[in-house]
């Protein structure tokens with residue numbers, strides 16, 4: 001029983017990471033109706049930027065803020081420069097372009113920063129909050145930051161006019177343009193926001209998994225599973241989905257299959273959700289007009 | 001408008017020429033391919049064999065993605081299944097290597113159907129996502145302890161290089177090359193007939209508009225499942241051949257990037273073209289060798305950039321460029337003797 005509780009809490013900590021990246025996926029989906037396969041690599045690259053800034057002697061929180069701003073600008077630039085020619089292209093092209101971005105960011109990070117693992121500092125104290133606690137301060141910090149980020153994203157999409165305009169631009173670009181929404185700017189803002197949220201996720205993950213160009217390759221699969229499970233249209237869903245995926249992954253890894261085939265669990269979740277309930281737990285069912 | 005007419009006429013003439021040129025070019029290429037092992041080193045023969053192997057795999061993916069519009073960014077998984085089937089049959093059950101290709105094809109066909117059926121409910125992004133996860137998870141399954149008895153775990157399986165039949169005076173490398181060449185020609189001939197037949201047109205119709213295709217009486221589900229199974233079969237055969245040629249399979253040789261290579265090859269070679277498979281395969285064989293000199297990361301950077309650039313600038317890939325400009329080049333070359341004769345006639349009194 002003790003072991004099981006430990007696995008559940010470890011699962012919660014992992015789940016918060018998947019949720020953080022899952023929120024970035026939800027933002028891109030809300031803003032563009034595309035799934036961004038490069039999200040994990042973009043987050044990894046942002047984390048390298050933060051690492052460079054910290055190494056240059058800038059205090060952690062200043063580097064943190066600067067990375068978020070730089071990632072936002074980078075995300076906007078990617079949308080404007082790389083994805084804009086594909087505004088009216090079929091889904092296949094957009095998917096392949098995001099795979100291309102994945103490759104470019106992965107190799108660029110390897111090129112600039114080498115493939116050796118680097119340690120990344122945590123802003124939270126290394127000591128456990130109490131001797132009997134199941135979570136370290138860093139893990140509690142991840143859950144808190146992810147929760148705060150989620151609340152902000154949710155409020156942004158639900159309560160602000162800009163959020164509403166972004167959802168409208170993704171849902172029906174032509175009719176939003178006719179209503180006076182600058183659709184191109186909305187898409188770019190969506191990419192910028194997702195890149196910024198991804199940067200936060202990357203900086204939270206890096207102290208745990210260490211920084212290297214392939215650090216996100218497993219995490220992105222779980223985050224996709226989390227976002228789908230929660231319903232890719234709903235940020236809260238991504239959070240709940242992240243926790244469920246994290247706990248299921250840990251318990252199944254510990255008791256059923258062993259840790260070597262954990263990715264197969266993510267695959268099972270993805271395929272299961274898509275087949276049984278494509279809208280996810282909390283998502284809106286999409287209706288296709290013929 | 002008036003000024004353009006003669007030019008257009010000459011292009012029409014080249015089109016009428018093009019069938020004869022096509023057959024001629026094909027015969028020439030096959031002759032060159034047959035004679036190739038006599039003139040190059042064993043390493044080059046090996047590369048040429050791998051080019052053919054990858055061309056089969058890329059053609060398989062193109063049948064699914066290019067002709068049927070179903071996106072798979074995890075086709076390396078079928079390549080791995082074909083390779084492992086062949087390797088296990090040869091190593092564990094002692095089958096002769098040439099007999100192991102058919103079971104590999106059959107197993108990939110079955111797995112293709114098994115995955116093709118859930119894929120019916122997934123479109124666009126979601127199918128890409130599911131195949132992405134499939135390709136990421138497979139190496140872990142291959143490494144799994146419970147299957148180590150057959151798969152060899154992390155170490156993988158090493159095979160012996162097959163000898164050429166005693167009656168033939170060729171080296172083992174050349175023999176494998178000829179075997180692969182024969183299978184390649186057979187598969188491309190079958191594939192071409194398939195794509196230009198009833199099923200192929202149905203697949204293309206579904207790609208272009210599945211609702212209209214259904215209204216025309218095409219059984220969309222059946223057709224898409226068959227497309228998936230055929231595509232998996234082609235890639236699986238390529239995997240089996242690849243295992244025999246390389247003489248080694250291991251989980252790490254079938255990581256996510258082999259799936260990426262195939263999709264890059266499809267885009268660079270030409271989505272929805274048959275000849276594109278060869279250009280794409282040549283690209284993923286020779287480009288990494290060349291780019292490795294610059295940096296370890298360079299091949300993947302070039303893959304990524306080529307993927308984006310080709311989609312933006314040349315969505316038809318290399319095949320579209322060749323099919324557009326080759327007739328013009330051939331036409332100008334075919335006119336050279338006449339031009340030469342008129343030139344001579346003018347110069348000589």
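Couple of notes before you dig in:
- For segment A:167-177, the condition holds for no residue, the condition being that it is within 18 Å of the chain's Cα centre (by Cα), part of a helix (DSSP H, G or I) and buried (at least 17 other Cβ atoms within 10 Å of the Cβ).
- Residue B:284 meets the stated requirement of being in a helix (DSSP H, G or I), buried (at least 21 other Cβ atoms within 10 Å of the Cβ) and touching a residue at least 12 places away in the same chain (Cβ under 8 Å).
- Flag if residue B:336 is more than 26 Å from residue B:25 (Cβ to Cβ) and either more than 14 Å from chain A (Cβ to nearest Cβ) or part of a helix (DSSP H, G or I) (or both): no
- Of B:225, B:233, all but one fail to be modelled with pLDDT of 95 or more and out of contact with any strand residue (DSSP E or B) (no Cβ under 8 Å at 6 or more places or on another chain); the exception is B:233.
- Residue in segment B:113-121 that is part of a loop (DSSP other than H, G, I, E, B), without any contact (Cβ under 8 Å) to a residue 60 or more places away in the chain and within 14 Å of another protein chain (Cβ to nearest Cβ) present: yes
- Criterion (free of Cβ contacts under 8 Å to residues at least 12 places away in the same chain and within 20 Å of residue B:112 (Cα to Cα)) met by exactly one of B:195, B:222: B:222
- Long-range neighbours under 7 Å by Cβ, at least six apart or interchain, first residue more than 12 Å from chain A (Cβ to nearest Cβ) and in a loop (DSSP other than H, G, I, E, B) within segment B:304-318, second surrounded by 21 or more Cβ atoms within 10 Å (Cβ to Cβ) and modelled with pLDDT of 90 or more: B:316/B:270
- Subset of segment A:185-227 that is away from chain B (no Cβ under 13 Å) and outside any helix (DSSP H, G or I) - its residue that is surrounded by the fewest Cβ atoms within 10 Å (Cβ to Cβ): A:210
- Set B:126, B:144, B:97: member being free of Cβ contacts under 8 Å to residues at least 12 places away in the same chain and either farther than 18 Å from residue B:206 by Cβ or under 18 Å from the mean Cα position of the chain (by Cα) (or both): B:144
Conditions (1) more than 7 Å from every other protein chain (Cβ to nearest Cβ); (2) closer than 17 Å to residue A:40 by Cα; (3) crowded, with 18+ Cβ neighbours inside 10 Å, marked per residue:
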residue: A:65; (1), (2), (3): yes, no, no
residue: A:78; (1), (2), (3): yes, yes, yes
residue: A:81; (1), (2), (3): yes, no, no
residue: A:99; (1), (2), (3): no, yes, yes
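- For residue A:230, the conditions (1) buried (at least 20 other Cβ atoms within 10 Å of the Cβ); (2) within 14 Å of another protein chain (Cβ to nearest Cβ) all hold with the exception of (2).
- Residue match in segment B:233-244 (condition: more than 15 Å from the chain's Cα centre (by Cα) and either touching a residue at least 60 places away in the same chain (Cβ under 8 Å) or not in a helix (DSSP H, G or I) (or both)): yes
- In segment B:302-349, residue surrounded by the fewest Cβ atoms within 10 Å (Cβ to Cβ) [restricted to those that are touching a helix residue (DSSP H, G or I) at 6+ places or on another chain (Cβ under 7 Å) and farther than 30 Å from residue A:90 by Cα]: B:328
- Which listed residue, of A:243, A:282, is more than 14 Å from every other protein chain (Cβ to nearest Cβ), farther than 24 Å from residue B:138 by Cβ, within 20 Å of the chain's Cα centre (by Cα) and at pLDDT 85 or above: A:243
The values are calculated or read from the model by the stated rules, or taken from the named source; none is laboratory data. Keep in mind it's a predicted model, so treat the numbers as computed, not measured. Methodologically, a virtual Cβ is constructed for each residue, glycine included, from the backbone with ideal geometry; neighbour enumeration extends over all protein chains shown.
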